[in-house]
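Here's the structure we're looking at; comments come further down.
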Amino acid sequence: MQRREFLRQAGATLAVASTAALAGCARQTLVPAATKPPLAAQLESGVARLAPIRAQTDRITGIYVCTRPFRAAGPRIEMETLGNKTIVHNYGHGGSGWSLSWGSSTLALHMAQSTGVHELGVIGCGALGLTSALLAQRAGLSVRIYAKALPPDVFSMRATGLWTPDSRICDAQHAQAFGDRWETMARTSYGMYQSMLGLPGDPIEWIDGYHLPDMTHSQQGESVSDEPDYGDFSERIRDLTPETITLPVGSTPFPQPVRRFTIMMFNITTYARMLMSDFQLAGGKIIVREFTHPRELQELPERTLINATGYGARALFSDDSIIPVRGQTARLIPQPEVNYALSAPRLNVVPRRDGLLVQAFADTGSFNNSDLTPHPEESEAAVRQLAGIMASMRSA
Ligand SMILES: Cc1cc2nc3c(=O)[nH]c(=O)nc-3n(C[C@H](O)[C@H](O)[C@H](O)COP(=O)(O)OP(=O)(O)OC[C@H]3O[C@@H](n4cnc5c(N)ncnc54)[C@H](O)[C@@H]3O)c2cc1C
């Protein structure tokens with residue numbers, strides 16, 4: 001598989017490759033089966049204790065569809081004056097909204113603070129709205145969130161839940177112009193996430209995963225992606241990215257060499273609840289309200305507002321630069337003993353605590369697709385593919 005194609009798939013889903021595995025791929029040493037495996041692989045030679053996943057379609061607890069708010073130029077983080085309000089836009093984070101949220105919202109907050117206000121309104125209660133609101137509180141502002149829906153009924157709750165800071169975040173043409181800002185956001189967010197490790201309920205965890213390459217090398221049925229070339233920033237934060245290592249046959253339960261990667265996982269259910277509680281415990285108020293036109297914002301008491309409406313900004317601010325990129329995931333009944341991710345051709349599995357997340361992906365049909373209708377047959381096929389992988393694993 002071509003590197004670019006692999007990147008796109010990875011960004012589309014587990015993003016295993018995006019900044020973690022792929023960055024590592026560039027540095028990994030491929031070990032021929034006949035030679036002595038590297039030390040780390042030898043140390044892993046009983047890793048073979050990977051708990052099997054009960055991959056059965058009757059264990060699917062839910063199928064979730066949402067759209068990534070992609071903008072070719074990257075997210076819109078800028079100030080605009082509308083009537084007597086200053087609006088700080090903070091939307092359009094593609095497949096990287098959770099990952100970049102703290103960094104992006106830090107930039108947005110600095111803009112809001114430049115207006116000198118002490119009371120701030122935040123429109124939206126997803127990843128970007130919550131982090132904007134919390135950062136503002138921590139800076140001493142009084143904050144009110146206005147949103148038409150709250151977690152768990154926001155798109156952010158349907159994300160995969162991985163550190164994927166350059167997943168569909170801009171197109172390749174805009175990468176150079178956006179790169180420095182992206183890196184600032186990624187590093188700020190990364191730092192914030194390290195401060196949330198080890199908290200009750202494990203909102204944030206580091207996990208290992210195994211990438212199973214396509215051993216068939218079949219060209220049959222391969223279609224060409226209908227998505228643009230995306231910006232790839234993995235080199236910029238290579239120092240934050242644990243190495244990927246190739247593990248030879250015999251050192252894992254898999255019947256083929258695999259690449260092991262290490263990546264940060266967001267247990268979104270626990271994490272979002274923690275953000276909501278922190279906001280409310282600090283005196284934050286939440287008002288459920290839908291805005292159908294920007295002029296309705298003039299009715300709010302706050303002079304400065306952060307607009308974190310995600311895909312909703314397309315309709316509310318008539319911003320056609322937001323392109324919906326559809327994604328579907330399924331969750332299997334949680335198995336606490338399963339603590340590893342899997343990435344296989346057209347399939348990713350993430351061991352979230354709120355359900356083992358199974359994601360199938362296709363080469364075409366997701367870009368500029370706002371259809372939120374679930375396609376259960378796709379998720380069921382992915383679970384069956386996973387069952388096949390489980391059946392091929394040898395037990396410890
Ligand atoms: C399948 C899939 C997997 C993904 N996986 C990952 C991942 O692993 N890691 C990662 O970092 N990112 C991932 N993403 C991307 C991430 O989910 C988004 O970038 C992020 O959720 C965007 O957050 P948001 O706060 O901008 O928008 P949203 O979560 O959509 O929140 C918008 C808020 O604004 C409110 N709102 C909208 N319009 C209005 C209106 N008119 N009036 C009032 N309120 C309004 C909504 O009710 C909501 O409260 C994934 C996305 C998809 C689709």
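The values are calculated or read from the model by the stated rules, or taken from the named source; none is laboratory data. The shown structure was predicted, so the numbers you read here are calculated from the model rather than taken from an experiment. Every residue, glycine among them, receives a Cβ derived from its backbone with ideal geometry; neighbour counts consider all protein chains shown. Protein only, heavy atoms only, side chains kept; ligands, DNA and RNA dropped before computing areas. Shrake-Rupley method; radii C 1.70, N 1.55, O 1.52, S 1.80 Å.
Let me check against my output: what whole-number percent is the relative contact order of the chain, with C-alpha pairs under 8 Å and at least 6 apart?
30
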**Prompt:** Given charges of +1 on the Cβ of Lys and Arg and -1 on the Cβ of Asp and Glu, with all other atoms neutral, how large is the dipole of the range 115-270 about its Cα centre, in debye to the nearest 20?
**Reply:** 580
**Cα-based convex hull, the chain, per residue volume (Å³, whole number)** = 134
**Request:** Quick one: accessible surface of residue 118, probe radius 1.4 Å, all protein chains present, in square angstrom to the nearest 10.
**Result:** 140
**Message:** If packing is taken as the average number of other Cβ atoms within 10 Å across a peptide's residues, how do 330-342, 158-170, 253-265 rank, most packed first?
**Reply:** 158-170, 253-265, 330-342
**Request:** In debye, nearest 20, what is the charge dipole magnitude of the range 236-289 about its Cα centre with +1 on Lys and Arg Cβ and -1 on Asp and Glu Cβ, if you could check?
**Result:** 220
**Prompt:** Quick one: accessible area per residue over the range 272-396, 1.4 Å probe, rounded to a whole number of Å²?
**Reply:** 45
**Prompt:** Pick from 156, 99, 370: which is most flexible by mean-square fluctuation in a GNM of the chain where alpha carbon atoms under 10 Å apart are linked?
**Reply:** 370
**Request:** Have a look at 191, 116, 62 and tell me which one the Gaussian network model of the chain (Cα, springs below 10 Å) gives the largest fluctuation.
**Result:** 116
**Request:** Determine the principal axes of the Cα atoms in the range 252-376, then give the extent along each, sorted from largest to smallest and rounded to whole angstroms.
**Result:** 63, 39, 25
**Item:** Shape parameters for the range 302-357, alpha-carbon atoms, Rg then Dmax in Å
**Value:** 17.8, 50
**Request:** Could you give the C-alpha radius of gyration of the range 66-210 expressed as a fraction of 2.2 N^0.38 Å, taking N as the number of residues it contains?
**Result:** 1.05
**Request:** Heavy atoms only, probe 1.4 Å: what % of the accessible area of the chain goes to carbon and sulfur, would you let me know?
**Result:** 52
**Prompt:** How far apart, in nm, are the 7 Å Cα→Cβ label points at residue 180 and residue 335?
**Reply:** 4.9
**Prompt:** All other residues with a Cβ under 11 Å from the Cβ of residue 387 taken together, and with Lys, Arg as +1 and Asp, Glu as -1, what is their net charge?
**Reply:** +2
**Asked** How many percent of DSSP beta bridges within the chain run antiparallel, rounded to 5?
**Response** 65
**Fill in**
In debye to the nearest 20, the charge dipole size for the chain, taken about the Cα centre with +1 at each Lys and Arg Cβ and -1 at each Asp and Glu Cβ, equals 620
**Prompt:** Under a GNM of the chain (C-alpha, springs under 10 Å), which listed residue has the highest mean-square fluctuation: 291, 266, 178?
**Reply:** 291
**Asked** What accessible surface, in Å², does a 1.4 Å probe find on residue 373, ignoring ligands, DNA and RNA and rounding to the nearest 10?
**Response** 70
**Request:** Kindly report the accessible area of the range 43-120 per residue (heavy atoms of protein chains, probe 1.4 Å, no ligands, DNA or RNA), in Å².
**Result:** 38
**Complete:** Checked against the positive end of the charge dipole of the chain (+1 on Cβ of Lys and Arg, -1 on Cβ of Asp and Glu, about the Cα centre), the farthest of 129, 374, 310 is 129
